[in-house]
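Take a look at the structure below.
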Amino acid sequence: MSEENKNGSVETMRHSLAHVMAQAVAELFPGVKFGIGPAIENGFYYDFDLEHHFTPEDLPIIEKKMKHILGQAQKFERVELSRADALEHFGAKGEKYKVELINDLPEGSVISVYRNGPFEDLCKGPHVDHTGKLKAFRLTSIAGAYWRGSEKNPMLQRIYGVAFETREELDAYLKQQEEAAKRDHRKLGRQLDLYSINDIVGPGLVLWHPNGARIRHAIETYWKEEHFKGGYDLINTPHLGRENLWATSGHLDFYKESMYAPMDIDGINYYAKPMNCPFHIQIYQSSARSYRDLPLRWAELGTVYRFEKAGVLHGLMRVRGFTQDDAHIICTPEQIEAETIEVLRFSLNIWKTFGFSEIKAYLATRPEGAVGDPARWEEAQKSLLSAVNKEGVKVEIDEGGGAFYGPKIDLKVKDTLGREWQTTTIQFDFNLPERFKMEYTGSDGQKHQPYMVHRALLGSLERFFGILIEHYGGNFPLWLAPTQVKVLNITQEEESYAREIVARVRAAGLRAGSDLRNDTINAKVREAAMEKIPYLVVVGKKEKDAGTVTLRLRGNKSVFGVSLDEVITNLVKEAGERRLTGSY
């Protein structure tokens, strides 16, 4: 991209605003020292070292100063310095973080400084021509950030901002963020009593409450049914394995920092599993395999444990123990393209059942230093591309972005708010079959190495559940809702009739509850609305006498004088078909 085009880019605009924010902070809080201030997705941030502790009340004050700087249309000017001059210049100002960055630059690097008004910063650029070109922004939050991401370094204060080319885009983004805050899975998780995480059990370890476990059961039941239909076999493996297993797989060489400390059992080290793959391979190795046995499609809801730093843990989205909906396809070279197409089709079908229709694929190809036969890489990449093209999925190719052990496709889905989530991964692996000496006997009577494909469909049940909560805003469709129907009586005279209704609804296989307290019907309806129950059955004297019910739907719509048989028939059908919309 040319310098001229870069100067007009959104990223350049956002980076320029980071400088303006740093300038505003310098003028408001003399003595501040500067870390870094890059452009990021949707905005920018800057890290500061100062005695004053920022509060949300500081943000409007900094914004006001930034707008003043924008009004001055200060020019951004680039100055190049020698390494010695740059070190002397920033050292004299006491900018220790800038000095450290300069010292880390390779000898002979061009060192540039950008100046606007009285402010200057070590920066490679580019920037907009002047601050008057910067308009639509908002400072949003404050966070702590270790210098250069290391816990051994000082903790700095980070201010985040968002920025767009137009006020309309900014307003739309802020509105989306406001809606996202309402849908935050951590907030709704508490409100709907779905799950909890506490320091007694340990950060990043999820406790599934009855309501959340009900939903999880519905997800798992559907997942298992579809896998059986798709020709998969389900397997189960242990939560830990001996040291030599992880040495053979390479995890102790390449992944040890994400694994928990070993446990000494009978004088031998055992590790909690970070992945399921080596166990699946052991099942494969348990007997001789022929080309007639292939393909093998093995799936497992396997709980794994990975060490995540406390600072990155985030509700259900980033945890330390999670259940991965793992699968491995083991097949011959002749089968690989058909299997790849089938696993992609399978994934797309499941995502659409949950209401995700906007799906994009990202294909990562062979990097430098990859293991495995280049011809196999080429064949694998061809099969992945053929699969996405055949299914009509938009694809973006990341040349050289694959893992060293094989190419992959990541699927990203868009939720109700238009946010993109990385979910399904279809990953070829040329490393583990070699490490474990996997073989099958071909039609020629000779030994051959099979193809092995890893496939995580939902990713993990925990993260997927968090995405679902936010996608639905807690308004789960009938087939997933923990309580599908709640029966409410208007007076105590209808209590026995209400109990009969609950019994009949449960007998039909629906999850039913009741609120038979001696309280007003309005109070009961309000409480049920907070629980986001799809259907409320309300009974008073009129309904009892007529042998009917009043059906109240989410959104306050009511249907009067309906027979209970009709309600049960319609809801059983709606739940059984896993519809996303209601029957009434």
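Checking each residue in segment 432-453 for being farther than 27 Å from Leu344 by Cα and without any contact (Cβ under 8 Å) to a residue 40 or more places away in the chain picks out Lys437, Asp444, Gly445, Gln446, Lys447. So is Glu100 surrounded by 13 or more Cβ atoms within 10 Å (Cβ to Cβ), in the same structural domain as Met21 (by TED's automatic domain parsing), assigned to a helix (DSSP H, G or I) and among the acidic types (Asp, Glu) or not? Here the answer is yes, as Glu100 does meet what is asked. Among residues of segment 392-451 being in contact with a strand residue (DSSP E or B) (Cβ under 7 Å, 6 or more places away or on another chain) and acidic (Asp, Glu), the one that is modelled with the lowest pLDDT is Asp398. Being at pLDDT 95 or above, of a type outside the set (Ser, Thr, Tyr) and not in a strand (DSSP E or B) is true of Glu169. Within segment 265-305, which residues are surrounded by 17 or more Cβ atoms within 10 Å (Cβ to Cβ) and among the basic types (Lys, Arg)? Listed by number, the residues that qualify are Lys273, Arg289, Arg297.
Could you count how many residues in segment 46-81 are of a type in the set (Val, Ile, Thr) and either in a loop (DSSP other than H, G, I, E, B) or not assigned by TED's automatic domain parsing to the domain that holds Ala24 (or both)? Residues flagged as of a type in the set (Val, Ile, Thr) and either in a loop (DSSP other than H, G, I, E, B) or not assigned by TED's automatic domain parsing to the domain that holds Ala24 (or both) within segment 46-81 amount to 1.
Please work out if Phe90 is among the aromatic types (Phe, Trp, Tyr) and farther than 18 Å from Gly35 by Cβ. Taking the combined requirement at face value, the residue does not satisfy it.
Just the residues that are modelled with pLDDT of 95 or more, under 16 Å from Glu257 (Cα atoms) and touching a strand residue (DSSP E or B) at 6+ places or on another chain (Cβ under 8 Å), please, taken from segment 307-322. Within segment 307-322, Arg320, Gly321 meet the criteria. In the condition set (1) surrounded by 14 or more Cβ atoms within 10 Å (Cβ to Cβ); (2) outside any strand (DSSP E or B), Gly513 is compliant with all but (2). More than 17 Å from Ala299 (Cβ to Cβ) and without any contact (Cβ under 8 Å) to a residue 12 or more places away in the chain: is that true of Ala272 in this structure? Judged against the criteria, Ala272 is not a match. Within segment 477-492, is there a residue that is part of a helix (DSSP H, G or I) and either crowded, with 20+ Cβ neighbours inside 10 Å or not polar (S, T, N, Q) (or both)? Checking segment 477-492: not a single residue is part of a helix (DSSP H, G or I) and either crowded, with 20+ Cβ neighbours inside 10 Å or not polar (S, T, N, Q) (or both). Against the list (1) over 23 Å from Glu334 (Cα atoms); (2) of a type outside the set (Val, Ile, Thr); (3) without any contact (Cβ under 8 Å) to a residue 12 or more places away in the chain, the condition Asp415 fails is (3). Only one entry of Leu553, Leu516 meets the criterion of being under 36 Å from the mean Cα position of the chain (by Cα) and outside the structural domain of Trp223 (by TED's automatic domain parsing), and that entry is Leu553. If the condition is being over 22 Å from Met530 (Cβ atoms), part of a helix (DSSP H, G or I) and touching a strand residue (DSSP E or B) at 6+ places or on another chain (Cβ under 7 Å), then segment 549-584 contributes Leu564, Val567. Per this entry, Lys557 is counted among residues that are within 27 Å of Lys182 (Cβ to Cβ), free of Cβ contacts under 8 Å to residues at least 40 places away in the same chain and surrounded by fewer than 18 Cβ atoms within 10 Å (Cβ to Cβ). One residue alone among Pro210, Pro238, Pro262 is surrounded by fewer than 18 Cβ atoms within 10 Å (Cβ to Cβ) and touching an Asp or Glu at 6+ places or on another chain (Cβ under 7 Å), and that residue is Pro262.
The values are calculated or read from the model by the stated rules, or taken from the named source; none is laboratory data. Keep in mind that what you see is a predicted model, and the values were worked out from it rather than measured. Reconstructed Cβ throughout: ideal geometry from the backbone, glycine too, with neighbour counts over all protein chains shown.
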